[in-house]
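Nothing in this text is a laboratory measurement; each read-out follows from the coordinates by a stated rule. Given the structure is predicted, the values throughout are model-derived calculations rather than measurements. Note that each Cβ is placed from the backbone with ideal geometry, even for glycine, and that neighbours are counted across all protein chains shown.
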Amino acid sequence: MNQSTIARKVVSAGLGLHSGEDVEITLLPAPVESGIVFVLRGAGEGDGEGEGDEYRSSEIEVPADIRRVYSSSRATTLATEGYPSDGRPPPHIATVEHLLAAIFALDIQNLRIEVFGSEVPIMDGSALPFVVALRSAGRVTQDAPRREFEVEEPFEIREGDRSIRVEPANDLRISYGIDFDHPKIGRQFVEILKLDDKVFEQEIAPARTFGFLHEVEALRKAGLAIGGSLDTAVVLDEEGVLNAGGLRWPDEFVRHKVIDLVGDLALLGARPKAHIKVERGGHRLHHRLVEELETRMRLGSVS
Ligand SMILES: [Zn+2]
């Protein structure tokens, strides 16, 4: 299997979940071995007066790399490293995981993603709009093999009742279980025997992110999730689902967790040949998994 990029540029636009502002991203073909790179435009966010404002009109590159994870809280945020030194947050890009999941599942390794602003649009809360955009951009096979990482022995990461177990396998296989004390969720479990573009598009990508009404209210008070609404997420109150159209599947919740996992796996820069079994995961645990895979991959390639 060789690396791929897209055939022509494509634009995706929608609301940013946290800012509530219109965000536009442009996906562009990229050369072989260049990886997935976010290009932040106007990322200095300065007022033109202070130090660091020279970055304002510049382009800052942030590779989709596990070493660039800046925050694992509620979403995956990537940032530059090394500056500024005055305590302001570094140029960053939030909510990358649904887009990265679509890129990974469609087996695209090289892509330039230009963003004006600091988050990827939330779209309908799922990965499907990104799958549709990438499909419309076409696909070009490139002249170098795709990177794969063969997991040689099982290992486990645990945090209280949350865990990820990894076992050697012929290809990428995913099992995911969640348990929520809520009448519409409860225990849900899904298994993907072989993650490929078709299975992802049909069984996983349409699953939307979800949140609870009391959390949404608290986030809004904190100035977050301004763009969050029934158009961008499944919202639950104590009894049920508030969205008029209901759920896309009764187990839409656990299917969405698979999107989050796949998007975080894209930060490895290689396809792990492993069976990944997650129990009650979240971005923080996913990132610990990818860090562990990355360490094993790096040590393995040295020997
Ligand atoms: Zn998500």
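A few remarks follow.
- Antiparallel beta bridges, as assigned by DSSP with both residues in the stretch 2-302, represent about 70 percent of the total such bridges.
- Helix-only arithmetic for the chain: the sum of -39500 (n - 2.57) across DSSP H runs with n ≥ 4, divided by the residue total, places the mean residue ellipticity at 222 nm at -6500 deg cm²/dmol.
- One quarter of the convex hull surface built on the alpha carbon atoms of the chain amounts to 16.2 nm², the projected area averaged over directions.
- Per-residue Cβ neighbour rank within 10 angstrom, fewest leading, 242, 99: 242, 99
- Result for the chain in a Gaussian network model with C-alpha springs under 10 Å: among 31, 206, 129, the largest mean-square fluctuation is at 31.
- Taking 225, 105, 94 in turn, the Gaussian network model of the chain (Cα-Cα springs below 10 Å) assigns the largest fluctuation to 225.
- Under 15 Å from residue 277, Cα to Cα: aspartates and glutamates that are on another chain or at least 8 residues apart: 153, 156, 159, 161, 167, 171, 179, 191, 260, 264, 292
- Across the chain, Cα pairs under 8 Å and at least six residues apart give a relative contact order of 24 percent.
- Kyte-Doolittle mean at least -1.0, axial Cα span of 27 Å or more - DSSP H helices of the chain: 283-302
- Highest mobility in the GNM of the chain, judged by mean-square fluctuation with C-alpha springs under 10 Å and restricted to 186, 87, 282, is found for 87.
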